[in-house]
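Worksheet: one structure, shown below.
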Amino acid sequence: QVQLVESGGGLVQAGGALRLSCAASRNILSLNGMGWYRQVQGNQREFVAVISKSGITMYAESVKGRFTIFRDNDKNTLYLQMNTLKPDDTAVYYCNGFRDSQSYWGQGTQVTVSS
């Protein structure tokens, strides 16, 4: 079992930046990968970015070039640096960790981008 706790959300103006953090309760390299997803109320949760155990990253087209996923293995923490934020980025952001058939989720952190 892995507990994930997100932080760093908030209110920011369009064009601004935020950094989300996701603290894991155990060694994140014990996971096959970690990622970020987001969800707007009433919509399905959507993929944002993922980083594999080996460090390979992938991004949704809508955030490519603006968001960066990275991790600090010593701190067992995953990050999402979000730059040039847009109102369409407004959502609850969730941290995810996965290993084999197991998937773990955090409680989410709200990001609101005002125009």
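The values are calculated or read from the model by the stated rules, or taken from the named source; none is laboratory data. For clarity, every value in this text was computed on a predicted model and none was experimentally measured. Because the Cβ atoms are built from the backbone with ideal geometry, glycine has one as well, and the counts that use them run over all protein chains shown. Heavy atoms of the whole protein, side chains included, go into the accessibility calculation; ligands, DNA and RNA do not. Shrake-Rupley method; radii C 1.70, N 1.55, O 1.52, S 1.80 Å.
Among the residues of region 32-46, those identified as closer than 17 Å to LYS86 by Cβ and surrounded by 14 or more Cβ atoms within 10 Å (Cβ to Cβ) are TRP36, ARG38, GLN39.
Can you say whether SER62 is in a strand (DSSP E or B), at pLDDT 95 or above, open to solvent by 40 Å² or more (accessible area, probe 1.4 Å) and of a type outside the set (A, V, I, L, M, F, W, C), as far as the supplied structure shows? Judged against the criteria, SER62 is not a match. Within region 9-19, not a single residue is open to solvent by less than 40 Å² (accessible area, probe 1.4 Å), closer than 25 Å to ARG99 by Cα and modelled with pLDDT of 95 or more.
Cβ separations smaller than 6 Å between residues 6+ apart or across chains give the following pairs from region 20-41 residues that are within 18 Å of GLY8 (Cα to Cα) and polar (S, T, N, Q) to residues that are in a strand (DSSP E or B) and modelled with pLDDT of 95 or more: SER21/SER7; SER21/THR77; SER21/TYR79; GLN39/ALA91; GLN39/VAL92. Give me a count of the residues in region 21-30 that are modelled with pLDDT of 95 or more and over 14 Å from the mean Cα position of the chain (by Cα). Matching residues across region 21-30 total 1. In region 100-115, the residue that is most open to solvent (accessible area, probe 1.4 Å) out of those that are in contact (Cβ under 8 Å) with a residue 12 or more places away in the chain and among the small types (Gly, Ala, Ser) is SER115.
Taken over region 79-99, the criterion of being open to solvent by 10 Å² or more (accessible area, probe 1.4 Å), under 14 Å from SER62 (Cβ atoms) and of a type outside the set (S, T, N, Q) is satisfied by LYS86, PRO87, ASP88.
In the condition set (1) part of a strand (DSSP E or B); (2) touching a helix residue (DSSP H, G or I) at 6+ places or on another chain (Cβ under 9 Å); (3) open to solvent by 20 Å² or more (accessible area, probe 1.4 Å), LEU29 is compliant with all but (1). When LEU11 is tested against the conditions (1) under 13 Å from the mean Cα position of the chain (by Cα); (2) assigned to a strand (DSSP E or B), the lone failure is (1).
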